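Q: Next up is a structure, given as structure tokens.
The values are calculated or read from the model by the stated rules, or taken from the named source; none is laboratory data. Because the structure is predicted, anything quoted here is derived from the model rather than measured. Cβ coordinates were reconstructed from backbone atoms using ideal geometry, including for glycine residues, and neighbour counts include every protein chain displayed.
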Amino acid sequence: MVGDRQEIGCQGGVTHNLLPRTRCHASEAKIGDVMNFDFTDEQKLLADQVRRFAAGKLEKDALARAHNARFPFDVAQAMSRQGLLGITIPEVDGGQGSSLMDAVIAIEQIAAVCPRSADVVQAGNFGPIRTFAEYGTPQQKARWLPDLLGGRAVMSLGMSEPDAGSAATDLKTTAKPDGGHFVVNGSKVFSTFSADAQIFLIYVRFGPGVDGIGSVIVERGTSGFRIGRPSSFMSGEEWCELHFDDCRVPAENVLLGPGGFKKQMAGFNVERIGNAARALAFGRYAFNRARDYAATREQFGRPLCEFQGLQWKFADMAIKLDSAQLLLYRAAINADRGLPSAYETSIAKAACNVNGFAVANESVQVMGALGYSRESLVEYCMRRCRGWMIAGGSVEILKNRIAEHIFDRRFDQRRRHADAAE
Ligand SMILES: Cc1cc2nc3c(=O)[nH]c(=O)nc-3n(C[C@H](O)[C@H](O)[C@H](O)COP(=O)(O)OP(=O)(O)OC[C@H]3O[C@@H](n4cnc5c(N)ncnc54)[C@H](O)[C@@H]3O)c2cc1C
């Protein structure tokens, strides 16, 4: 698979903008349709150029970057200059107007060299910025996209609340109209990049039920918006509680009004593809380090790779990585107008999260104490992969969605009214 290759063999130095001028046609490489498992020439060129950029600019400080919780704005600005932010955002909005598959290639190639920098590709292409670019008004986009795409600002997503995790539609944060404003009250937890973000996409309740849910954009510094002290995840990433106490948000900051929840979830599937791509790429990063280690480290007078007990571990890891990668590519390539289907996203994310973590975890084992040490990025990859099994749709919630597809019916997770009344 291309993501595993160190050198792809294309010629040509890094251009100002890494995206090839000729766009690839998704139909040329649709997995399942034509069974063409190779990349197009343009995709190979993109992969090669992104890898060269990463090797030249990001490799040296990869370890330090992984252990720094702050968002690397310097990397974001360097990536912006290379055209690696807004890959799927239309050119008219300042993006590159390219495909979701190109964005997946970019995140894979960056992660293969500097795992932490893949978060910048996520923030600039797959995260809330993608939902924002899809549904924002021209005025909203003109106001915030230049800084986001320039790597000068990052956006954080506030969906989860203390009492609304997997049951996201239980959210209680309200937005009530008041003249030309909405008054927002409530709180959010676990938001990625919240310690560094300037702009927050906040899911709110304009009214009762799922149809009452929409979203607003809130800027850091808005009166009534308080950002709590950072807490740490196991991965070292930080998140802050977000508190809204009679926070007045101008009506022009409404991104999606009542009834916007389904659209937001369509945009959120892109975020899930980014999580899936990173989980898989981090698993592959750890796998590559473990493979190199097993090829050279000697115990009992032989290289580790000569022990069958380890050979089979590597074979199992390769099966996990390659199978999940095909599911990821299917979801990305089949994405309609850049928005992947819920089923293909769910099955890809579940496979990439579970397999990425399993491979990173096994890679730690293969590398012994060195793998468990912070001197290598293998343990970092394992810790990060663990989080994606929970974040952005846990593996269990994804499996619920997959089961609905299998049985072609909806399984309501909520207690039935009759049961509740007993
Ligand atoms: C690294 C990381 C980054 C995150 N970033 C963000 C962010 O940027 N913005 C944001 O809003 N949130 C973010 N989150 C929060 C994330 O979205 C929630 O953690 C997730 O939705 C699960 O909610 P919960 O943690 O409250 O678990 P709960 O919903 O309490 O679930 C606990 C366990 O029960 C399982 N479970 C729940 N319901 C069911 C069911 N019906 N069937 C089967 N199993 C079920 C879950 O899968 C989980 O294993 C992040 C979380 C992590 C770990």
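Q: Filter region 198-221 down to the residues that are in contact (Cβ under 8 Å) with a residue 60 or more places away in the chain and near the ligand (Cβ under 10 Å from one of its atoms), then identify the one that is surrounded by the fewest Cβ atoms within 10 Å (Cβ to Cβ).
A: Leu201
Q: Looking at Thr137, Thr169, which is the one that is within 15 Å of Val204 (Cβ to Cβ) and surrounded by fewer than 19 Cβ atoms within 10 Å (Cβ to Cβ)?
A: Thr169
Q: Could you list all residues from region 366-418 that are within 12 Å of the ligand (Cβ to nearest atom), of a type in the set (D, E, K, R), in contact with a helix residue (DSSP H, G or I) (Cβ under 9 Å, 6 or more places away or on another chain) and modelled with pLDDT under 95?
A: Within region 366-418, Arg414 is the sole residue that qualifies.
Q: Would you check which residues across region 54-73 are without any contact (Cβ under 8 Å) to a residue 40 or more places away in the chain and under 17 Å from Ile107 (Cα atoms) and list them?
A: The answer is Lys57, and nothing else.
Here is a yes/no grid of residues against (1) within 16 Å of the ligand (Cβ to nearest atom); (2) on the phi > 0 side of the Ramachandran plot; (3) crowded, with 21+ Cβ neighbours inside 10 Å:
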residue: Gly236; (1), (2), (3): yes, yes, no
residue: Asp246; (1), (2), (3): no, yes, no
residue: Pro250; (1), (2), (3): no, no, no
residue: Pro258; (1), (2), (3): no, no, no
residue: Gln264; (1), (2), (3): yes, no, yes
residue: Gly267; (1), (2), (3): yes, no, yes
residue: Ala277; (1), (2), (3): yes, no, yes
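Q: In region 113-147, what count of residues is obtained for those that are part of a loop (DSSP other than H, G, I, E, B), closer than 19 Å to Asp74 by Cα and more than 15 Å from the ligand (Cβ to nearest atom)?
A: Qualifying residue count for the region: 2.
Q: So Ala164 fits all but one of (1) away from the ligand (no atom under 14 Å from the Cβ); (2) aliphatic (A, V, I, L, M); (3) farther than 16 Å from Phe268 by Cα; what number is the exception?
A: (1)
Q: Identify, by number, the condition in (1) of a type in the set (Phe, Trp, Tyr); (2) closer than 22 Å to Lys172 by Cβ; (3) within 14 Å of the ligand (Cβ to nearest atom) that Phe193 doesn't meet.
A: Unmet condition: (2).
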